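Peer 1: Below you will find the structure I want to go over with you.
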Amino acid sequence: MTLEEEADRATELLRGKIVRRVVRNRSGELLIEFEDGCRIFADSNSALELSIELRDSAENLAE
């Protein structure tokens, strides 16, 4: 499976899911847990950067 196919599959599996929480126990670790119990886990020997871009909203403008 190519990276693109893997990304497309992940997109389909995650469509409509609601995030329950995000956990960062270490700089190289990221866990995203969804309301239905599904989890995404990323682990790296180096620090992972977490960047979240929000759509233009009042919340963005307040920053």
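The values are calculated or read from the model by the stated rules, or taken from the named source; none is laboratory data. All figures in this text were calculated on a predicted structure; none of them were measured in a lab. FYI the Cβ positions are ideal-geometry reconstructions off the backbone, even for glycines, and counts take in every protein chain you see. For the accessible areas, the whole protein counts, side chains as well, though only heavy atoms, and no ligand, DNA or RNA atoms are used. Shrake-Rupley method; radii C 1.70, N 1.55, O 1.52, S 1.80 Å.
Peer 1: Expressed as a rounded percentage, what relative contact order does the chain have, with Cα pairs under 8 Å and six or more residues apart?
Peer 2: Working: 57 pairs, mean separation 13.0, N = 63.
RCO, the chain: 21 percent.
Peer 1: Moving to a separate point now. Which value, in debye to the nearest 20, describes the size of the charge dipole of the chain about its Cα centre when Lys and Arg Cβ atoms bear +1, Asp and Glu Cβ atoms bear -1, and nothing else is charged? Intermediate results must be reported in sequence, preceding the final value.
Peer 2: Details: 9 positive and 15 negative charges, 68 e Å.
Magnitude of the dipole: close to 320 debye.
Peer 1: Going by average Cβ neighbours within 10 Å, how do the peptides 49-55, 32-38 rank, with the highest at the top? Walk me through the intermediate numbers first.
Peer 2: Details: 49-55: 6.6, 32-38: 12.3.
For the peptides 49-55, 32-38, the packing ranking is 32-38, 49-55.
Peer 1: Now, a different point. For the chain, what is the accessible area per residue in Å², given a 1.4 Å probe and the full set of protein chains?
Peer 2: Working: 5650 Å² over 63 residues.
Solvent-accessible surface per residue comes out at 90 Å².
Peer 1: May I pose another question? Given 0.36 nm per residue, what is the gain on full extension from residue 33 to residue 56 after removing their alpha carbon distance, in nm?
Peer 2: Working: separation 23, 0.36 × 23 = 8.28 nm, distance 2.51 nm.
Computed gain between residue 33 and residue 56 is 5.8 nm.
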